[in-house]
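Below you'll find the structure, written out as structure tokens, and then a few comments.
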Amino acid sequence: MIRKLALVAALATAGAAVAQGGELVIYNAGSSELIEDTVAAFNQAHPDIRVTVVSAGVGQHTTRIEAEASNPRGDIFFGASVESFEAIIHLFEPYEAAHDAEYDPVFVHPEKRYYGYSQPLQAIIVNKDLLPEDQWPTSWRDLADPRYEGKIIMANPSLSGSAYAQLAQVLQLYDWDVVEGLVRNAVFVSSSQLVFENVARGEIEIGITGESNIAQLISEGWPVAAIYPSEGTGLRFDSMGIIAGGPNPENARVFMDWATSLANHEIAARHFRRSVRADAPAPEGLAPTSEIPTFPYDPDLAAANRDANLQRFDELLSAR
């Protein structure tokens, strides 16, 4: 009994959550289509829980979660980069989800404040109608080449979690000289969605985005291609976790028990998301991870340097 009480005091126990009906508020940083299918499947298992989804960019959500720290309004943060979680990790509740044993520990926070969801590998997207294949960039360094001035679109790293991961990857491979060249060459937009949409529509030649976005565009017949940088794309993942002190803590735990299951990760694969679970199917049309050049991305370093990196990026953007 003493051992059990100590464990409960340190960490919520796996499988202990029981649905009681009521509400659940999810702060969603991913696609609207994915969260709609996710909530629909969750409600099939738990029809008495009324789910409200608030969708926005990662930066907007982390700002909101910090601002609401004394009186949280959300229960779950879903689909945000792991470095975004790490930046405000004290604002998430430790909870051992029901499917914890089915996870590779590398995709779980040591105190179980988040669980990995998918691997949003970053790639270069090109419009094949605008740029001949022999002119395609093949590396991160190429994006700083003056020949691509005005031909690249990227989301602002201060507003987009995926764009910050792109910036952090370049900085983990190179120094600021490459970033300075990229800033000179690129058009910056407020939303990561605008990047792949504008490339697909032929508004601009080159973008940087998640591979899932490119795969979906290809499946829909858009004239785009995915290029994995020759230096490697960082092996990183996004996550989901319980906001500490949220209004519906028991329902949040019920959701985490369900969301860590294979069934939920199979939904991710249908939306071209590469799951962190080894037993989940690969998304249709995407190459196996073993065929993609990668490097060991350091999310802790990215999180620790986030404020300094963004300040310097803003200075470069303002000075051009």
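A few points about this structure:
- Likely footprinting exposure, R73, R113, R253, fewest C-beta neighbours within 10 Å first: R73, R113, R253
- In the chain, helices alone account for a calculated mean residue ellipticity at 222 nm of -11000 deg cm²/dmol, with every DSSP H run of four or more residues adding -39,500 (n - 2.57).
- Using C-alpha pairs under 8 Å with a sequence gap of at least 6, the mean separation divided by the residue count of the chain gives a relative contact order of 26 percent.
- With neighbours defined as other Cβ atoms within 10 Å of a residue's Cβ, the residues R201, R306, R273, R236 order from fewest to most as R201, R306, R236, R273.
- Sorted by Cβ neighbour density within 10 Å, fewest at the top, the residues K128, K112: K128, K112
- For region 55-120, the square roots of the Cα gyration tensor eigenvalues, ordered a ≥ b ≥ c, give a/c of at least 1.5 with a/b greater than b/c, which places it in the prolate category.
Only the coordinates and a few stated rules stand behind these numbers; no lab work does. The model shown is predicted, which means the values in this text are computed figures rather than measured ones. Here the Cβ is made from the backbone with ideal geometry for all residues, glycine too, and neighbour counts use every protein chain on show.
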